[in-house]
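To keep things clear, I will list the structure first and then write my remarks on it.
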Amino acid sequence: MSVLINEDFILQNTAAKELYHGFAEDEPILDFHNHLPADEIASDRSFADMQEVWLAGDHYKWRAMRANGTAERFCTGDASPREKFDAWAATVPHAMGNPLYHWTHLELSRYFGIEDLFSPATADMVWEVGNAKLAQPEFSTRGLLKKMKVRALCTTDDPVDSLEHHAAIRDDASCEVKVYPTFRPDVALRVDDAEIFNSWADKLSDVSGVDCSSLRGFKAAIRKRHGFFHEMGGRISDHGLYRIFDAECSEFEADKIFASTRSGQSAEEAETEKFGNYLMLFFGELDAAAGWTKQLHIGCERNNSTKMFEKLGRDVGCDSMADVDHAQALRHYLDALQQRDALPKMIVYPLNPVNNYSLATMLGNFQGGDGNEGEPPCRLQLGTSWWFMDCKDGMEEQMRVFANTSLFSHFVGMLTDSRSFLSFTRHEYFRRILCNQLGAGMESGDLPRDMELVGDMVKRICFGNAERFFGLDV
C-alpha cells in the first residue's frame, strides 16, 4: 500500500469515506474544458517514455522546477528526456504542500500502479516501470482515457480550426470516448495588434468562404463557423480574458475600429475596450440562440517575464493572478445580454479567489425568470477553482462560496484545464475533497445525516449535473 495514496486519501471522517466509496468513486468523467490535442486522440498516439507523457508541455511542473533552482535546459531546453525526468524527480520531494505533490503520486498510482514516493531514489524504478507500461497498447491516448472512465471531453479550439480530427474521432467506431470542440475566439478581439488580427481574419475568410474585409462580413464568417462547431457537436464557447470589456460601443464605432485595424493600424486601448465589448455581446447572442454555454476565464496576468517570453513564448509558466475588480463589468455585460433576450448559460471562472463572492452574488441577480422549457437550474454558475486555485484550499473555498450564495446541489463540478493525458486523476482529487467537505458537514450537524440524500447530490456533482447542463451527447 502507498505511504500516501491509499483508499481513504484525503477522506478524514467516516461520512466522507462512505460518500466517496459509495457515490463518487465509480462515476464516469465528463471533462468539459481542457486543452488536449484532438489529433493525438484521432491517431491514438503512443508515448515514447515517461518524460514525453508526463513532463512535456507541463508549465505547472516547469514553474516548480525553476523554483527548485533547475536550469532551464532541464525544463524546456535541450536536455535529454531522462535528464529532464531526473530534474523533476529532484524537485518533487520539495513540493510537499503544493498540489503537484498530490497530483504526481495520484498519477503514478492510478496509471502505473506505482505506490512509492517519487524522488531521486525511486527515479530509476519509475522510469523503467513507466516506460515498460507505456509500450503496451492500452497506454495509448485512448487507453489512458478509458482507464479513467472518461465518457466525453471538450477540447479548446480556434474558430478557424478545420476540426478534421474531431470528425475523424466521430467517425471512428473504435473510439469509445466522445470528443467535442469548444469555440475559443480570443484572437477575434485582438484589434490592439493589427498584424495578429489581420492574419487571423484572413484565415477566417479562407475557412468560411466569407469576405472579411468589412465588419459585417467578419461577423457573418464568425456566425458561420459557430454554426459549423454546432454541427460538429460543440455546445460550449470559451473566452480567456484579462478582464471583462466594459465600454459601450455603437455599430458605427465598431465598424470604424474594424476598418482601421484591417488597414493595418493597431487600435488604441480605449478602442480595443470598445470593440471587445461589442464583439463579446455578439458572441453572447450567438451562444444564446444556439443554446450553448459560455465560459469566461478571467483575471490572468500573462507573460510577465519579458526575457522568458522573448526566449520561449507563451504558456511556459510565467503567468499569475491579476488583481482586478470584475463585478461591475460583469454586471453590465449580463444586463446588456439580458435586455437583448440573449443571455446564454454561463460559467465564470475568476483566477483570483478574492473575486469569488462578488462574482457569485452578481451571477445570482440574473438567474432564471424566463421559464424556458428545458433550461437547467443555476444556469449561471461560479466555476470550479482554476489554475493556481485547483488545489485543496482553492476547491474548498470555491465550494463554500457556491454553497453560501447559490444552490450547490446544481454545481457542474470539476474539469482538468490540462494538456496532459495523465491529468484526469484531478477529478478523483476533486471528488475526494468534495466528499470530505460534505462528510465533515454531516458529522458536525451542519448537513443532514442522510447518506442517500447527500450521496445523490455527490453523484450529480461528479457527473450528472454536467451531463444535463451542457446538453452534450455522452
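The values are calculated or read from the model by the stated rules, or taken from the named source; none is laboratory data. All figures in this text were calculated on a predicted structure; none of them were measured in a lab. A quick note on method: Cβ atoms are made from the backbone with ideal geometry, for glycine too, and the neighbour counts reach across all protein chains shown.
Would you check which residues across segment 420-440 are in a loop (DSSP other than H, G, I, E, B) and either more than 21 Å from G317 (Cβ to Cβ) or among the basic types (K, R) (or both) and list them?
Matches in segment 420-440: F424 only.
Please pick out the residue among I10, I5 that is at positive phi, outside the structural domain of A132 (by TED's automatic domain parsing) and assigned to a loop (DSSP other than H, G, I, E, B).
On inspection, the qualifying residue turns out to be I10.
Of these, A254, A201, A194, which one is within 27 Å of I347 (Cα to Cα) and touching a residue at least 12 places away in the same chain (Cβ under 8 Å)? Reasoning before the result, please.
Working: A201 fails: within 27 Å of I347 (Cα to Cα); A194 fails: within 27 Å of I347 (Cα to Cα).
Exactly one residue qualifies, and that residue is A254.
Answer yes if at least one residue in segment 98-120 is without any contact (Cβ under 8 Å) to a residue 24 or more places away in the chain, more than 30 Å from W386 (Cβ to Cβ) and surrounded by 18 or more Cβ atoms within 10 Å (Cβ to Cβ), and no otherwise.
Scanning segment 98-120, I find no residue that is without any contact (Cβ under 8 Å) to a residue 24 or more places away in the chain, more than 30 Å from W386 (Cβ to Cβ) and surrounded by 18 or more Cβ atoms within 10 Å (Cβ to Cβ), so the answer is no.
In the set M451, M395, M362, which member is closer than 21 Å to A16 by Cβ, outside the structural domain of H59 (by TED's automatic domain parsing) and over 17 Å from the mean Cα position of the chain (by Cα)?
The conditions single out M451.
Kindly state which helices (runs of 4 or more DSSP H) lie completely within segment 43-104 and contain at least 1 residues that are within 23 Å of the chain's Cα centre (by Cα).
Working: elements: 50-54, 59-67, 81-91.
Per the criteria, 50-54, 59-67.
Having 1 or more residues that are at pLDDT 95 or above and crowded, with 17+ Cβ neighbours inside 10 Å is the bar; report the helices (runs of 4 or more DSSP H) wholly within segment 285-403 that clear it.
Once the helices (runs of 4 or more DSSP H) in segment 285-403 are filtered for at least 1 residues that are at pLDDT 95 or above and crowded, with 17+ Cβ neighbours inside 10 Å, what remains is 327-339, 356-363.
For segment 443-455: of the residues being touching a residue at least 40 places away in the same chain (Cβ under 8 Å) and in contact with a Gly (Cβ under 9 Å, 6 or more places away or on another chain), which is surrounded by the fewest Cβ atoms within 10 Å (Cβ to Cβ)?
M451
Evaluate the following for R82: is it farther than 26 Å from N34 by Cβ and either of a type in the set (D, E, K, R) or in the same structural domain as T425 (by TED's automatic domain parsing) (or both)?
Yes: the conditions hold for R82.
Exactly one condition in (1) buried (at least 24 other Cβ atoms within 10 Å of the Cβ); (2) of a type outside the set (A, V, I, L, M); (3) not in a helix (DSSP H, G or I) is false for D417; which is it?
Failing condition for D417: (1).
Has segment 204-223 got at least one residue that is within 24 Å of V474 (Cβ to Cβ), outside any loop (DSSP other than H, G, I, E, B) and touching a Cys at 6+ places or on another chain (Cβ under 6 Å)?
no
Would you confirm whether or not segment 173-180 contains a residue that is assigned to a helix (DSSP H, G or I), surrounded by fewer than 21 Cβ atoms within 10 Å (Cβ to Cβ) and not aromatic (F, W, Y)?
In the first step, residues of segment 173-180 are kept if they are assigned to a helix (DSSP H, G or I); the result is none.
No, segment 173-180 contains no residue that is assigned to a helix (DSSP H, G or I), surrounded by fewer than 21 Cβ atoms within 10 Å (Cβ to Cβ) and not aromatic (F, W, Y).
For segment 380-390, enumerate the residues that are touching a residue at least 40 places away in the same chain (Cβ under 8 Å) and touching a Phe, Trp or Tyr at 6+ places or on another chain (Cβ under 9 Å).
Passing the criteria: L380, G383, T384, W386, W387, D390.
Would you be able to say whether some residue in segment 52-65 is β-branched (V, I, T) and either out of contact with any Lys or Arg (no Cβ under 9 Å at 6 or more places or on another chain) or more than 30 Å from D172 (Cα to Cα) (or both)?
Within segment 52-65 (the criterion being β-branched (V, I, T) and either out of contact with any Lys or Arg (no Cβ under 9 Å at 6 or more places or on another chain) or more than 30 Å from D172 (Cα to Cα) (or both)), the answer is yes, since at least one residue qualifies.
Does segment 259-278 contain at least one residue that is without any contact (Cβ under 8 Å) to a residue 60 or more places away in the chain and touching a Leu at 6+ places or on another chain (Cβ under 8 Å)?
For segment 259-278, residues without any contact (Cβ under 8 Å) to a residue 60 or more places away in the chain and touching a Leu at 6+ places or on another chain (Cβ under 8 Å): present.
Going through segment 15-39 one residue at a time, which ones are charged (D, E, K, R), part of a helix (DSSP H, G or I) and buried (at least 17 other Cβ atoms within 10 Å of the Cβ)?
Within segment 15-39, K17, E18 meet the criteria.
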